[in-house]
Amino acid sequence: MKKNENTWKEGFHLQMRGVKLLNEFCSGRFKVLILKQAVETAAPYVGIYLSALIINELAGLRRPEELWRLVLISLTSAAAIGILTTLVRHWDEYHRDRRFERITNIFADKLLSMDYADTDSAEHRAKLNQIKENRNWNMWGLEITELITEHFFAGLFGIISAAVLTVSLFTCQIPAETGGKLIFLNNPLFVVVIIGALTLTAFLGPACKNRANAYFTKFTEETKFGNRIGFFSFVAEDSKKAADVRMYNQQKITRHYLEYDNTFYPGGPVAKCAAGPMGLWQALGSAISAVLTGLIYLFVCLKAWGGAFGVGSVTQYVGAVTALSANLGSLIWAFGNIKNNIPFMKNVFEFMDVPNKMYKGSLTTEKRSDRQYDVEFKDVSFKYPDSELWALRHVNMRFKVGSRLAVVGENGSGKTTFIKLLCRLYDPTEGEILLNGIDIRKYKYDDYMSIFSVVFQDFKLVSQPLGNNVAGAMDYDRDRVLKALNDAGFGERLKSLPKGLDTCLYKEFSKDGVDLSGGEAQKIAIARALYKDAAFIILDEPTAALDPIAEAEIYSKFNEISGDRTAIYISHRLSSCKFCDEIAVFDKGSVVQKGSHSELLKDENGKYFALWNAQAQYYTEKK
Ligand code: ADP
C-alpha cells in the first residue's frame, strides 16, 4: 500500500516537473492547451442541452414562437462555438506542431550548458539515447506529459459539464398517477446506484485499457535496439556517409534488425504482447463500458416511461452520459499514464539533473589591448573521465606572449588534449594552469574562454550565410569579416561567390548554397578565428583536409596574419612548424623536448631528431 502511494506521489511530482520544464521553454503553451480543451469539451454538451430543449418543445407544447427562439439560439451558439473551436484549435495546433523541436531544444540547451567533460561522457550519451528511443517508440517522457495534461483537462471539464446537465435526472420525480410500478425508481437509493454505475463505467473500462498500456513499460530496455533502426533511416539521409554505406553494404546489417530482429517486428515481443494480454485487457475494458452504459440508458428510459421527463430530456441524459464516459476515459488515461510514464520521466530528469561540477570563479580577465596574458602549465596531468590512462603526465609549459609555439608529436601523444585543457574544456586531474599567476579556475568561465580562438581539427561550419559563419553572429561588421576572409586566403574564392558574404554555405537550406572543399572550409574556419580577435590563436592539425605541403603553406600564412597574438600550432608533421620560436615535442602524454627547430635537431638521440628524419626522408623522396 505504502509503495503504491509513493508511486502515485512520484508520478504526480514528475508530471508537475515536466509541465514546468515544458512551460519554461514555451510560456503560454499550457494556457492555450487548457483553453482549447475547455472549449472543445464543453461544446458538445451545449449542443446536447439545446437539442433536448427543442425536442421537448416539439413533443410537448409545440409553441411556434418558442421553437423559433430555440432554433435561433441553437444556430447562433453553434456558429459561435464553431468559430471559437476552430480558432483555439489552430492556435493549439501551432504549438503542438512545434512540440518535437521544442523538446529537442530542451535537451540541446542542457547539452550546451553542461560541463564539456560531461557531454563527452559515455554515461550521459547513453542516457540521452535512451530518452530519444523512449520518445520515438511511444512519445514517452516529455511528449506524453503534454498529452496527459490535455487528457486531464478533457476529463475535468467533461465532469463539470455533464454534472450540470444530469442534475435534473435525479431531481425529476416519476409522478404517482402515471408512474405505476415504476415509482420505485424515485427511491434516493437509485441516485447512489446510477452514480456508482457511472463511476464504474468511467473507471473500470479505462482502467483495463491502462492495464493494457502498462505492458509498454516492460519494453523500456529492449527499445535500445531502436538505435539500429535510427541508424538505418538517418544514415541514408546523410549524403556524406552515403558512399561509405554503399561501399560496405551497411544497410544490409541494419535492415536485418529492422525487419527480423527488433522489438517491434511482426511476431516480435511487442506484437505477441499486443495479441495476447494487452489485447485481452483492452477488450475487457470495452465490454465493461458497454454493459454499464446500457444499465444507465435503461434507468433513463424507464424514468421517461414513468413520466418523470419528456423525450427531449432522454436525449439530454443519454447524450451527456455518452459524452461523459469519453471524457472520463481521458481522465483515467491521464492518471494511468502519469504512472506508466514514471520510468521514462526518471530517464529525462536523470539527464536534466546532471550537475555542473566544474568550478567557475568570479575574477574577470581584464581586457588588455597589449594582449599581455601569461599562461603557465604547472605539473599538469590529466585522465579523460571514462579512462584509467593518463592522456597527459607532468606537463610544464610557459607561453611567451606574442610568440609562436608549436606542439608536435605522433598521433595520440596528447597534443589536442593539451589544447583542450588550455581552453578549459576540461580541468587538470593533477597540477594547475595559471593565467597571469592565478589558477584559471578562479576566472569567470566565459571571460577566460574569450581570450582563445581555436581552429579545431573537426571544426564545424553551419548551413548559413558565409558572413554569419565567420562572425558567429547574426549582426556583424562586414568590413572586418571581409578582412578576416582575405587574410585567411579566401579572397579569390569570395569573388566567385554570387552573393558574396550572403552566400549560403552548403545546400541543405538553400539551392544557391555552395559546397566547399576541405581546404576552403579550413580557410573560413581560420577567418572565423581571426574575426574573434582573441589574444591566443590556436590551429589544430587540419589533417583530413590538407596534404603536408598545403598544411605547411597554411601554417606559414597563418604565422603572417597572427600579428601580435600568441599563436599555437599543433601538428604531427614537423615540417609545418619549423618556423616557430619554440617547439614542444610530445610523446606518450609528456613533453619530452623543447627548443627551436635547429636546437632540437642537434640532439641526435632526441625524439625530434628521429621524427624529423623519418618525415624528411618521406618529403625528399616525394620531391
Ligand atoms: P593527439 O592530439 O596528439 O593525436 P590526443 O590528445 O587526441 O592526441 O589523445 C591523447 C590520448 O588521449 C590518446 O591516448 C587518446 O586515445 C586519448 N583520448 C583522446 N580523447 C579521449 C576521450 N574523449 N576519452 C578518452 N580518451 C581520449
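Data table
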| item | result |
| --- | --- |
| Candidate set from segment 570-618 (those that are among the aromatic types (F, W, Y) and in a helix (DSSP H, G or I)); member that is modelled with the lowest pLDDT | Y618 |
| Condition check for I106: within 30 Å of C423 (Cβ to Cβ), in contact (Cβ under 8 Å) with a residue 40 or more places away in the chain and away from the ligand (no atom under 16 Å from the Cβ) | yes |
| When residues of segment 394-410 are limited to those that are of a type in the set (V, I, T) and modelled with pLDDT of 90 or more, the one farthest from the ligand (Cβ to nearest atom) | V395 |
| First in segment 392-420 and acidic (D, E), second anywhere and within 16 Å of the ligand (Cβ to nearest atom), Cβ under 6 Å, 6 or more apart | E410/H572 |
| Among (1) under 30 Å from E133 (Cβ atoms); (2) of a type in the set (A, V, I, L, M); (3) at pLDDT 85 or above - the single one M358 does not satisfy | (3) |
| Members of segment 107-146 that are surrounded by fewer than 19 Cβ atoms within 10 Å (Cβ to Cβ) and among the β-branched types (V, I, T) | T119 |
| Single match in S413, S325, S381 (criterion: within 16 Å of the ligand (Cβ to nearest atom), crowded, with 19+ Cβ neighbours inside 10 Å and hydroxyl-bearing (S, T, Y)) | S413 |
| Residue match in segment 444-455 (condition: of a type in the set (D, E), more than 22 Å from F382 (Cα to Cα) and touching a residue at least 40 places away in the same chain (Cβ under 8 Å)) | yes |
| Test: residue in segment 351-366 that is more than 16 Å from the ligand (Cβ to nearest atom), free of Cβ contacts under 8 Å to residues at least 60 places away in the same chain and in a strand (DSSP E or B) | no |
| Selection status of L389, of a type outside the set (D, E) and either in contact (Cβ under 8 Å) with a residue 12 or more places away in the chain or within 24 Å of L601 (Cα to Cα) (or both) | no |
| Every residue from segment 388-417 that is out of contact with any His (no Cβ under 9 Å at 6 or more places or on another chain) and among the β-branched types (V, I, T) | V395, V401, V407, T416, T417 |
| Residue within segment 573-582 that is open to solvent by 50 Å² or more (accessible area, probe 1.4 Å) and within 16 Å of the ligand (Cβ to nearest atom) present | no |
| Which numbered condition F335 misses (of (1) part of a loop (DSSP other than H, G, I, E, B); (2) more than 16 Å from the ligand (Cβ to nearest atom)) | (1) |
| Only listed residue being of a type outside the set (A, V, I, L, M) and either under 27 Å from S325 (Cα atoms) or in contact with a strand residue (DSSP E or B) (Cβ under 9 Å, 6 or more places away or on another chain) (or both), chosen from N136, N187, N129 | N187 |
| Candidates V470, V514, V454, V462, filtered to the one that is open to solvent by less than 30 Å² (accessible area, probe 1.4 Å) and at pLDDT 85 or above | V470 |
| Qualifying residues in segment 517-553 (those that are β-branched (V, I, T) and modelled with pLDDT of 75 or more) - the one farthest from V455 (Cα to Cα) | I524 |
| Sole residue being among the aliphatic types (A, V, I, L, M), open to solvent by less than 10 Å² (accessible area, probe 1.4 Å) and assigned to a loop (DSSP other than H, G, I, E, B), chosen from A525, A534, A567, A529 | A534 |
| Single residue of segment 416-456 satisfying the filter (of a type in the set (S, T, Y) and within 22 Å of Q522 (Cα to Cα)) that is farthest from the ligand (Cβ to nearest atom) | S450 |
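Yes/no matrix, rows are residues, columns are (1) open to solvent by less than 20 Å² (accessible area, probe 1.4 Å); (2) among the aliphatic types (A, V, I, L, M); (3) within 29 Å of L67 (Cα to Cα):
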residue: P277; (1), (2), (3): no, no, no
residue: G285; (1), (2), (3): yes, no, no
residue: S289; (1), (2), (3): no, no, no
residue: L292; (1), (2), (3): no, yes, no
residue: I296; (1), (2), (3): yes, yes, no
residue: F299; (1), (2), (3): yes, no, yes
residue: K303; (1), (2), (3): yes, no, yes
residue: G307; (1), (2), (3): no, no, yes
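The values are calculated or read from the model by the stated rules, or taken from the named source; none is laboratory data. Quick caveat, the model's predicted, so the values are computed rather than measured. Here the Cβ is made from the backbone with ideal geometry for all residues, glycine too, and neighbour counts use every protein chain on show. Keep in mind that these areas ignore ligands, DNA and RNA; they rest on the heavy atoms of the full protein, side chains included. Shrake-Rupley method; radii C 1.70, N 1.55, O 1.52, S 1.80 Å.
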